[in-house]
Each structure stands twice: as C-alpha cells, then as structure tokens.
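What follows is a short report on a single structure.
No value in this document is a laboratory result; all are computed from the given coordinates. What you see is a predicted model; the values in this text were computed from it and never measured.
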Amino acid sequence: MKTLKYILPSFLVLILVLNINAQSSALKTETFNVPGNCGMCKSRIEKAAKVSGVTKAQWNEKSHILTLVYNPQKIKSDDVQKRIAAVGHDTPKFKADAKTYNSLPGCCKYERK
C-alpha cells in the first residue's frame, strides 16, 4: 500500500511531463509547389527536404506539390525550401540559381517563371 502512495503521484507527474513535451514538439504540415518533371526530380527534391526535424517529405510528380511534415522547433520551412532551391528546383520563396538549374539533366528542366 505504501508503494502505491509513491507510484501513483510519480505516474501522474510522468503523464504531465509527457503531455507537455508532446505539445511542445507538435508537428506541422505544409504543402507548396516545387516544379519538376520526373522520378529523378522526385528523388532529388525529397532527398534535399529530408533533414533533421522533417518527418515526411513527399513530392507528387503530377501536381508538383511537396507535402512537408516537420517539427518547427527543430527546422523552419524556409530552411527546407532553401535546400530544395540549392539542388536546382524553385520554391515559392526561393529560386534556384541559374548555374544549378542549368546543370540539371535535360528531363528535369522545367519551365521557369
């Protein structure tokens, strides 16, 4: 019985701590357009987006939409978009530099705005 007196409060404190931690590390889902054309683009875009703090990066070849699930306390969407632009694909906030874009394989070159 004495053990129960100590276990129950400890258990309640543990539940409280886990609940606070879960709320502070809530994941965020964001979608945005990333132009590309093929499976190589998909691989390149997803690889650039999958960094620490990102739990899902899935690019749809037909719609050109990247679905990004990430922990905003560990990484910012802008940081992911910069990484994608750095491998040659424009994002809503960052444009890939011409040299990187021009180095993409021919099938990966998309119409730029």
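Couplings 3J(HN,Hα) for the stretch 57-67, derived from phi with the Karplus relation 6.51 cos²θ - 1.76 cosθ + 1.60 (θ = phi - 60°), are 9, 10, 9, 9, 5, 7, 8, 6, 9, 9, 9 Hz, where x marks Gly and Pro. Taking every alpha-carbon pair in the stretch 27-108 and binning the separations at 10 Å intervals from zero gives 20, 56, 21, 2 percent. Couplings 3J(HN,Hα) of the stretch 68-79, computed from phi: 10, 10, 8, 9, x, 7, 9, 8, 9, 4, 4, 5 Hz, in residue order, whole Hz [Karplus 6.51 cos²θ - 1.76 cosθ + 1.60, θ = phi - 60°; x for Gly and Pro].
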